[in-house]
Every structure is written in C-alpha cells, then in structure tokens.
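The values are calculated or read from the model by the stated rules, or taken from the named source; none is laboratory data. Here the structure is a predicted model, which is why all the values come from computation and not from measurement. Here the Cβ is made from the backbone with ideal geometry for all residues, glycine too, and neighbour counts use every protein chain on show. Keep in mind that these areas ignore ligands, DNA and RNA; they rest on the heavy atoms of the full protein, side chains included. Shrake-Rupley method; radii C 1.70, N 1.55, O 1.52, S 1.80 Å.
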Amino acid sequence: MGQLQIDREQFHADLDRICQPRAATGIRRLIEAFMLICLSLVNYRNLMAMNYWLMKSEPEVYGIQDLARDQQTIWDGVRNYQARNFLREMQVGDLAFFYHSNTTPPGIVGLMQIVQTGLADPSQFDPSSKYYDAKSTKANPRWQTVQVEYVETFVNFIPLDQLRQQFTPEQLGVVRQGNRLSVMPVATPVAEKILAISQGKAKP
C-alpha cells in the first residue's frame, strides 16, 4: 500500500478560496486545526507501515563504504524474480540492512533507507553490462529496482555465524542453508533485535 500524500500548498490555496475575506476567522482556524490532526495521523500511519529488508552485495563490487561515499545509489543487477518482486513491494521510507556477501566472513554491516521505488533497472538496457536483458524494453521493462540512501555503518559488525546463533531460518531467511536470494524481507521484531545487536544492547 502506498503512502498517502497531502499537498500543503494546494490545501491552503483551496482554503483561501473557501474562506473569503468576509468568512469568520474562526472557521479557518477550525479547518487548519483539523488538517493538522489529519497530517499527524497520516505521518503516524506511514511510520507504522515501514518495513524492513535485507539486501546483499559483494563488498568488492559495491560495499557499505561505497554507499557511505556516494550517499545514494540505484540497487541494480538483481536478476532473480522473487528478489525483484520484493524490490517491487518496497515503499519509500523502508529500511534495509546492508549485507556483505561472498566474503569472509559474510554479515550485516550497516543500514540504508529506500528513497525511490518503481525504477527501471538501467543495466537491463546496456548491452555492455553482464546484467543486460535483450528481452526487456524501455516500454515494458522486466526488472524494477529502488534507490537507496546511506544511513549508517554498524560499529558492531554482525557476522552470519552470529545471526545463526540468534535466529532460526523461519525468523531470518539469510541464515537458511542454500538461500541465495539477494533481497528478502525481515520481520519487524527480528529487525529490532538486529538493530539492538548492532548497538551491543541485545540479550543472548
């Protein structure tokens, strides 16, 4: 479900049209107060609707240090349909754990935020890219992705072995043997525990 957006400028323009100079000032104040309540409820709903994800990248290809330098990047190169479908489900404001894969040891190194969704992965149109897809067209792209923004690098790196000690495969997909998905959802209670571990606050 997408986030409800309220255009403040349009609201005030409509309010000026409705509340003509002869209108009672009290009416305008009541409407403005009602609008502020609505905005607060919308912001609360959007906060509560935030989801968590885990996204893998090889540090030699693009690591957390690269995102810290760039601040934002398009998460391109995903060529698994289930992972792509998870990318399609993401909403602006969602948080994602940055996971270093294909390294020793692999694990969660930081946190990023989803800032744009529904983007066509540009690498699918590039014949020189290993992610090129000849069957994909700009009119009907097969691969969608998101843009992410750097949030933080964890002081406490969380290796895969530690994740396996803390979570079952049912709780966290990345600890499941043979799971090669590069993008996967993370349940809120699990995400909160991961954040606590990263801050050295989690109980065994």
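Just a yes or no: is a residue in the stretch 175-187 among the β-branched types (Val, Ile, Thr), modelled with pLDDT of 95 or more and open to solvent by 30 Å² or more (accessible area, probe 1.4 Å)? The answer is no, given that none of the residues of the stretch 175-187 is among the β-branched types (Val, Ile, Thr), modelled with pLDDT of 95 or more and open to solvent by 30 Å² or more (accessible area, probe 1.4 Å). When each of Phe157, Phe125 is tested for being closer than 19 Å to Val174 by Cβ and either in contact with a Pro (Cβ under 9 Å, 6 or more places away or on another chain) or at pLDDT 95 or above (or both), the lone residue that passes is Phe157.
Looking across the stretch 108-117, the residues that are buried (at least 20 other Cβ atoms within 10 Å of the Cβ) and not β-branched (Val, Ile, Thr) come down to Gly110, Leu111, Met112.
Hey, among Gln82, Gln65, which residue is in a helix (DSSP H, G or I), at pLDDT 95 or above, among the polar types (S, T, N, Q) and closer than 22 Å to Phe157 by Cβ? Walk me through it before giving the result.
On the way: Gln82 fails: closer than 22 Å to Phe157 by Cβ.
Criteria check complete, one pass: Gln65.
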